[in-house]
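Reviewing the structure listed below.
The values are calculated or read from the model by the stated rules, or taken from the named source; none is laboratory data. What you are looking at is a predicted structure, and each value in this text was computed from that prediction instead of being measured. When we count neighbours, we look across all protein chains shown, and the Cβ atoms used for this are built from the backbone with ideal geometry, even at glycine.
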């Protein structure tokens with residue numbers, strides 16, 4: 001199955017099976033990105049974590065960009081009766097026979113997500129202690145699994161969600177607010193399943209792999225508080241509807257804080273950003289490239305993270321950090337973008353454009369940054385690619401990189417350069433992947 005193409009005149013399309021090793025930097029970086037995606041494939045990582053079938057019914061529920069692929073993997077490996085419903089992003093569905101797949105909007109909730117969540121909650125009614133709820137959670141589930149708290153509307157949630165996305169808030173801060181504005185997040189979904197036990201299988205897309213943060217932890221106790229949610233809104237000066245302020249000021253908005261508040265169950269993380277990066281590192285070693293691991297939980301403003309990576313490149317090339325070359329700097333995590341302009345962005349495009357400016361044509365350095373779900377923010381690309389000639393080609397084309405960065409228009413820059421990376425939905429999600437090849 002062809003997964004991606006790198007839109008660049010001298011880099012050919014590559015597929016899931018890139019072999020033998022190639023000296024071409026663009027194709028090499030794409031192969032490493034592929035290795036990271038493969039390591040987080042639900043078909044590979046989910047089956048070993050399936051529980052034994054219960055005496056009663058098995059109900060599959062879940063949400064996220066990988067939810068449909070996870071449900072399909074369950075169907076292929078489950079020995080007993082099965083039914084249920086999962087919600088995934090538009091375009092990320094896969095055919096399932098026994099579990100219904102509904103597509104909805106991400107990153108801002110829409111009516112389809114609201115309706116699908118209501119139907120899911122109906123399925124949880126009337127379960128017994130002999131039944132089993134198998135909950136499949138991956139990144140993106142916060143927007144897809146949507147049930148406004150009492151007194152709130154979809155419009156209220158959309159307004160807050162859009163403001164958070166533009167604010168530069170971290171994923172943990174955004175999820176703190178989301179949990180306290182929801183009737184289903186922060187452990188509330190599991191509480192609705194009682195007395196049936198709940199087994200949750202998660203693909204992590206959050207720095208640090210906190211299970212309670214992945215998709216806002218719908219089946220796990222929540223350590224954050226409504227007061228912290230109010231503090232996040234104040235920190236980023238986010239104006240919210242009066243109904244949101246009133247709800248967060250009400251003790252009823254507090255989430256379950258203890259396992260004792262929820263039915264019995266178990267939660268397992270089946271794929272992580274660190275695991276995906278380790279797979280890419282192993283692939284690099286097989287190509288004769290020495291990997292240097294910078295971390296899988298790097299957060300911060302995209303431009304600041306780019307500057308830090310550029311400093312690391314200079315330290316390697318100057319010899320301040322001894323490294324056998326060719327070498328590869330690998331990192332993961334999730335940056336944030338403070339939206340100031342009106343361009344088309346994506347945090348990986350923002351990171352790469354800032355990195356290109358920082359490196360200023362540094363010889364022998366190539367980099368790729370992309371989201372492992374195949375979608376950089378809300379655009380149609382996964383990410384992009386730069387080389388030592390990126391800025392010189394931009395100058396020849398009359399393009400001013402700093403001007404586009406100031407307008408948050410990384411997409412526009414890389415579109416003009418012909419170096420956007422398109423994958424389509426990968427149906428997994430272990431956050432961002434960054435690879436810098438130093439020849």
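There is at least one residue in the range 190-202 that is buried (at least 24 other Cβ atoms within 10 Å of the Cβ), in a helix (DSSP H, G or I) and touching a strand residue (DSSP E or B) at 6+ places or on another chain (Cβ under 6 Å). Return the residues of the range 40-56 that are outside any loop (DSSP other than H, G, I, E, B) and farther than 16 Å from residue 198 by Cβ; say none if nothing qualifies. Within the range 40-56, 42, 43, 44, 45, 47, 48 meet the criteria. Cβ-Cβ distance below 6 Å, separation of 6 or more or different chains: which pairs start in the range 238-249 with a residue that is over 13 Å from residue 177 (Cα atoms) and end on one that is not in a helix (DSSP H, G or I)? Pairs found: 243/151; 243/152.
Do we find that residue 387 is more than 20 Å from residue 344 (Cβ to Cβ) and assigned by TED's automatic domain parsing to the domain that holds residue 338 in this structure? Yes; evaluated as a whole, the condition is true for this residue.
Annotation: residue 35 fulfils all but one of (1) buried (at least 18 other Cβ atoms within 10 Å of the Cβ); (2) farther than 16 Å from residue 430 by Cβ; (3) out of contact with any strand residue (DSSP E or B) (no Cβ under 9 Å at 6 or more places or on another chain); the unmet one is (2). The condition (being without any contact (Cβ under 8 Å) to a residue 40 or more places away in the chain and over 27 Å from residue 351 (Cα atoms)) is satisfied by just one residue among 229, 190, 183: 183.
Could you tell me which residue of the range 214-235 is nearest to the chain's Cα centre (by Cα), considering only residues that are at negative phi and either part of a loop (DSSP other than H, G, I, E, B) or not assigned by TED's automatic domain parsing to the domain that holds residue 168 (or both)? Quick ask: steps written out before the conclusion?
First, the residues of the range 214-235 that are at negative phi: 214, 218-235.
With the extra rule that they be either part of a loop (DSSP other than H, G, I, E, B) or not assigned by TED's automatic domain parsing to the domain that holds residue 168 (or both), the set shrinks to 218-225.
Working: 218: 17, 219: 19, 220: 19, 221: 21, 222: 20, 223: 22, 224: 21, 225: 24 Å.
By that ranking, first place goes to 218.
Scanning the range 390-403 finds no residues that are touching a strand residue (DSSP E or B) at 6+ places or on another chain (Cβ under 7 Å), crowded, with 24+ Cβ neighbours inside 10 Å, outside the structural domain of residue 163 (by TED's automatic domain parsing) and at pLDDT 95 or above.
Looking across 296, 268, one residue alone is assigned to a strand (DSSP E or B), within 17 Å of residue 39 (Cβ to Cβ) and under 17 Å from the mean Cα position of the chain (by Cα). It is 296.
Considering only residues in the range 323-341 that are over 21 Å from the mean Cα position of the chain (by Cα) and within 19 Å of residue 311 (Cα to Cα), the one that is surrounded by the most Cβ atoms within 10 Å (Cβ to Cβ) turns out to be 328. Checked against (1) modelled with pLDDT under 95; (2) touching a strand residue (DSSP E or B) at 6+ places or on another chain (Cβ under 9 Å), residue 158 passes all but condition (2).
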